[in-house]
Every structure is written in C-alpha cells, then in structure tokens.
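Data first, discussion second: the structure below is written as structure tokens.
The values are calculated or read from the model by the stated rules, or taken from the named source; none is laboratory data. Quick caveat, the model's predicted, so the values are computed rather than measured. No Cβ is skipped: glycine too gets one built from the backbone with ideal geometry, and neighbour counts run over all protein chains shown.
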Amino acid sequence: MLQRPPLSLVLVLALVVAALAASPRPAAGRPLRVMTWNIKGAELSSLEQIAAVIRSERPDLVALQEVDSRTARSGGVDQARRLGELTGMQSVYRAARDTDGGTQGLALLSRFPIRGARKVDLTSSEEQRILLLASVEVGGRRLPVANTHLSYLPETGRVQAREVAARLRRKPRVILFGDLNATPESEVGRTLSRRLGDLSTRAGKGPQPTFFTMGPPRRIDYVLLGRAWRRRPAEVRVRPSTASDHHALVGSLGRGR
C-alpha cells in the first residue's frame, strides 16, 4: 500500500514550485532590453518621473548613475529601493562616496533575480569612483553585469578605464553600463572599446549624444559588451528626457551567439 508523503514535504515542494513559477523567465529568443541613465540624484525632476520613463521603455536591466541614498537633499530617501518599488524591479545599490548626510553611488534594477553584487573602488582623485559588479540570473544562467561612473578628469579617467577593463577581461558575457565622462574617440573610450564592443557602434549608429550641458552635445554614456555577445543589436537609441541632464541610452540585445 502506497503511503502518503508527510504534509511538511508537500508544503516544501509547493513552495519550491511557487517560487520557480514566480521567477521571471525571458521568452525563448526574446531580446534582452537594457538601459543606462545618469539620473543626477533626481535633482531635476522626481523619482516618479524617472520611474515613468523607465517603465515606458520596458527594460529588463537598468543601470543608474548618481543615485542618492538617504541624503538631506533627496529627503532621506533610498532612491534605488524606491525606484525598484515604482518600477516593479529588483534593485541593488552600492555607495561611492559620502555626501549631504547620506551617500551617492550606483544602482542596478532588474526584472530577473539579482544573485549577488559587490563594489570595487577605482583609483580616484576629485571624488571616489567605483565599479559595481553584479550577477543576474537570466534564463537559468548567471549573467555578469557591471556599472560605473568614471572621472571627468582625463588622466584619472584613463587610469580608471584601464582598471575596469582589467577587472572584466575574463568575463566574456559581461554587459558594462556607464557614464564614462568621455567621448568614443577619447583615450578612455578607445581603451574600453578595445576590450568590449560598443553597442551603438555594433548597431551602426552615429554619435547619438546623451549629454547636452557644459559644452556641445556629446555621447558619454555607454553600453559595452563582452566578446561572447556576437549578434547585431536589435535596437539602440537615445531616450530624450528632461528628468535629468543626461538622456538615457536604450538597447535590445539578441541573446545567444
């Protein structure tokens, strides 16, 4: 006579099945939608406005720079956590520097489970800069994701670019997002493009300026891909917005080789 399994075992199995069902899974072959944006601590708008822009693009991964956490100027709000709530995405934040009673740093929003995150301090001068390294589970595989915001000082930026390239050299599936404070033809841009593919260049796009203040319009925001990303991007474009002094860069990546 067959015995019924213990009730405790049934409950455990039910919880496991429910957790697997709740985990987002990309449709087979569906491009991975990505977005990078320097939000300037929501100084020029509100978190609600920024979240509305993000939601309108329906990204799977969003890298954010100049994110405040519990500063006086932002009302003591943890901006990364709040943006995660407003967009329905998981969030992770790592501080780069102390400021105004709190911190400012980098954040990542994801529709997929974030399995780990850490920061690496970069050689810095005018203010501390970091590299955020995260692992995101997409379609049952771990995807390395990185986010950075380099110095506007050319010499410091060159040193930081070399450090970032060295950190990522053994990660062929990495996606690097960032505000590099440098144009594609600069030494900073060339240093990283030699190791990682520029999403805009691969898509055959022109300069696509993302920054329109403090000088002529220019592109200083990037999505860069490890060598395992061989397919031509399905889409790359700038998303204009008055919510920050930067425009967001949005793209769709074909998954697979």
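What the table below lists for this structure:
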item: Selection status of residue 192, part of a strand (DSSP E or B), of a type in the set (A, V, I, L, M), modelled with pLDDT of 95 or more and crowded, with 18+ Cβ neighbours inside 10 Å; result: no
item: The stretch 216-252, residues that are crowded, with 22+ Cβ neighbours inside 10 Å, in contact with a Pro (Cβ under 6 Å, 6 or more places away or on another chain) and not in a loop (DSSP other than H, G, I, E, B); result: 251
item: Those residues of the stretch 200-215 which are buried (at least 18 other Cβ atoms within 10 Å of the Cβ) and either touching a residue at least 60 places away in the same chain (Cβ under 8 Å) or in contact with a His (Cβ under 8 Å, 6 or more places away or on another chain) (or both), in sequence order; result: 210, 211
item: Residue count, the stretch 128-181 (criterion: among the β-branched types (Val, Ile, Thr), under 24 Å from residue 97 (Cα atoms) and part of a loop (DSSP other than H, G, I, E, B)); result: 0
item: All positions within the stretch 82-114 that are in a helix (DSSP H, G or I) and of a type in the set (Val, Ile, Thr); result: 87
item: Options 17, 34; residue that is within 21 Å of residue 143 (Cα to Cα) and either of a type in the set (Val, Ile, Thr) or modelled with pLDDT of 95 or more (or both); result: 34
item: Residue list for the stretch 122-140, filter: β-branched (Val, Ile, Thr) and out of contact with any strand residue (DSSP E or B) (no Cβ under 6 Å at 6 or more places or on another chain); result: 123, 138
item: Residues (out of contact with any helix residue (DSSP H, G or I) (no Cβ under 7 Å at 6 or more places or on another chain) and under 27 Å from residue 224 (Cα atoms)) located in the stretch 45-63; result: 49, 52, 53, 56, 57, 58, 59, 60, 61, 63
item: Those residues of the stretch 102-139 which are touching a residue at least 40 places away in the same chain (Cβ under 8 Å), over 18 Å from residue 40 (Cβ atoms) and among the hydrophobic types (A, V, I, L, M, F, W, C), in sequence order; result: 112, 120, 122, 134, 136, 138
item: Residue that is modelled with the lowest pLDDT [pool: residues in the stretch 195-215 that are touching a strand residue (DSSP E or B) at 6+ places or on another chain (Cβ under 6 Å), part of a loop (DSSP other than H, G, I, E, B) and among the hydrophobic types (A, V, I, L, M, F, W, C)]; result: 203
item: Residue within the stretch 148-157 that is touching a Ser or Thr at 6+ places or on another chain (Cβ under 6 Å), within 15 Å of residue 171 (Cα to Cα) and surrounded by 15 or more Cβ atoms within 10 Å (Cβ to Cβ) present; result: no
item: Close pairs (9 angstrom Cβ cut-off, 6 or more residues apart or separate chains): without any contact (Cβ under 8 Å) to a residue 24 or more places away in the chain in the stretch 216-242, not polar (S, T, N, Q) and not in a loop (DSSP other than H, G, I, E, B) anywhere; result: 217/211; 240/248
item: Residue check, residue 152 over 22 Å from residue 57 (Cα atoms) and of a type in the set (Phe, Trp, Tyr); result: yes
